[in-house]
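S.K.: Got a structure here, written out as structure tokens. Questions coming.
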Amino acid sequence: TSQYNQNSEAALKKILVEEIENKELKDIENITTKYYYLQCKSVIYSNIGKDVLERIALLEQLLVVAYLAMEKGIFKQGEQWVALVNLAGLYTDTANTEKFYQTIEKLDATSIHFDDVRKNNILYWKYTRLYEFYYNFPDEKLLSNLPENIEKWFNNTKTPVNEKNKTGLRFSIARYYFVLGNYHTAIKQLNTVLLKQDIEIDDFYFLYIKII
């Protein structure tokens, strides 16, 4: 597997250098082509472990193109939500608190453009990115009513939340409370996952849950 991953990374780097890095964005006239060019470049940057600041700059550029395409009616409103999710994670990595919260607000605003199923996906990523942020910066104050809003969302019967997403998010919440030293709440969240008989817990979550 290690050799396979090395070969894959080498191939991606070759494509990046030969096909993508040598291309100037200004030479691409079509807005849609610009968007997908930047999107592909972003995926490759992520997979080859490109510098975080370069990845942020690329995603910020991608958003500029996305907003322009939406303004011109080329893309539907909300197209930018995946880029916002990725940016929020990178702003956490670089401890850019101001831009992190700005990105979460923008992500929140995209949900009005989607049906309830897609909204659930956006909420899952919003809440996950928030608790990843709080896990890294436990001294930061939680957003107002965040735990209550999440429990309300978990118990939504109109458009039920995917059980796998519930598991992932409860794990993120438990990690936050663990670093905070609130072991009672951490264990409560983890027990909620472990007592579920109708879901499969993959090794990643199961091992960490057992360790905690």
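The values are calculated or read from the model by the stated rules, or taken from the named source; none is laboratory data. Keep in mind the model is a prediction, meaning the values are calculated, not measured. For neighbour counting, all protein chains shown are included, and Cβ atoms are generated from backbone atoms with ideal geometry for every residue, glycine included. With ligands, DNA and RNA removed, areas are computed over all heavy atoms of the protein, side chains included. Shrake-Rupley method; radii C 1.70, N 1.55, O 1.52, S 1.80 Å.
S.K.: What FRET efficiency do you get for Asn149 and Asn30 if R0 is 41 Å and r is their Cβ-Cβ distance, rounded to the nearest 0.05?
M.R.: In this case the efficiency is close to 0.50.
S.K.: Rounded, prolate or oblate: which one fits the stretch 35-177, using the alpha carbon gyration tensor with axes a ≥ b ≥ c (rounded when a/c is under 1.5, else prolate when a/b beats b/c, else oblate)?
M.R.: The shape class here is oblate.
S.K.: Suppose accessible area is computed on protein heavy atoms with a 1.4 Å probe; arrange Lys99, Lys76 from highest to lowest.
M.R.: Listed by decreasing accessible area, they come as Lys76, Lys99.
S.K.: Take each of the peptides 160-170, 65-75, average the number of other beta-carbon atoms within 10 Å over its residues, and list them starting from the highest.
M.R.: The peptides rank, most packed first, as 160-170, 65-75.
S.K.: Label Lys106 and Val179 with points 7 Å out from Cα along Cα→Cβ: what is the distance between them in nm?
M.R.: Label at Lys106, label at Val179, 2.4 nm between them.
S.K.: Short version: ³J(HN,Hα) in whole Hz for each residue of the stretch 108-121, in order, from phi by Karplus 6.51 cos²θ - 1.76 cosθ + 1.60 (θ = phi - 60°), x for Gly and Pro, what are they?
M.R.: For the stretch 108-121, the Karplus curve yields 4, 5, 6, 5, 5, 8, 10, 6, 5, 5, 5, 4, 4, 5 Hz.
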